[in-house]
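*Asks:* Just dropping this structure here.
The numbers here are math on the coordinates, done by the rules we state, and not lab data. Keep in mind that this is a model prediction, so the values were computed, not measured. Positions of Cβ are backbone-derived with ideal geometry, glycine not excepted, and every protein chain shown enters the neighbour counts.
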Amino acid sequence: MTESHYSNGLRDQLHPLSALRQELRSVDDWGVFRRGARAAAVNAILYRREGRWCIPFVVRRADLRSHPGQVGLPGGNVRPGEGAWAAAARETEEEIGVPGSALEPLGAGPVVYTAVSNYSVVPFVSSLADPPGAFSADPHELDGVVEVALARLVDEAEWRERPGLPGPQLAVGGVVIWGLTARILAGILPPIAGALA
């Protein structure tokens, strides 16, 4: 084994994203969608901003017919013949302007099913080495993009039960993360926090 091979391997082992990759399901072998459900994929993008790990969330336009005003991770429907990660990367570029080539896929969390809309959703986790100063929200679908520090997302005291919405909720930037997005985060935040927080 050469010295450079050894140092590269050691660097990879010590890098927190390498540790996270070990805690997630493989991008290529993440599982299956629920039978009979509509397939969707979302993307939790990790990046550093001012020394902190952050994740961007999209805010859907209030005038949309489907899920108006809701906050979620970039993502959407998986097209026929399309891989789930490919769908998540495509939707990320369409919604917030980050090309798939700029993302490093790290793995996937557990598939989440929502009976309300009959969606089976696989959440992917990726990293972005060079985030833009501001994400470019698709004006046809989104009212904006909200960056949330990982430290806030993993702080259980920040998640509260509030009247009018079921389950735990996190108020950020004038909007509320709840419902399906909160359920998705419950599956992916523990390994992320274990590796990075």
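*Asks:* Any residue in the stretch 137-150 that's free of Cβ contacts under 8 Å to residues at least 60 places away in the same chain: show its pairings with residues that are of a type in the set (Phe, Trp, Tyr) and part of a loop (DSSP other than H, G, I, E, B) at Cβ separation under 9 Å, as long as the two are six or more apart or on different chains.
*Replies:* none
*Asks:* A follow-up question, please. Name the one entry in SER136, SER127 that is hydroxyl-bearing (Ser, Thr, Tyr) and in a loop (DSSP other than H, G, I, E, B). Full working, then the answer.
*Replies:* Working: SER127 fails: in a loop (DSSP other than H, G, I, E, B).
The conditions single out SER136.
*Asks:* Look at VAL125 and say whether it is of a type in the set (A, V, I, L, M), within 13 Å of PRO74 (Cβ to Cβ) and under 17 Å from the mean Cα position of the chain (by Cα). Give the steps one after another, and end with the answer.
*Replies:* On the way: of a type in the set (A, V, I, L, M): yes; within 13 Å of PRO74 (Cβ to Cβ): yes; under 17 Å from the mean Cα position of the chain (by Cα): yes.
When the stated conditions are applied, VAL125 passes them.
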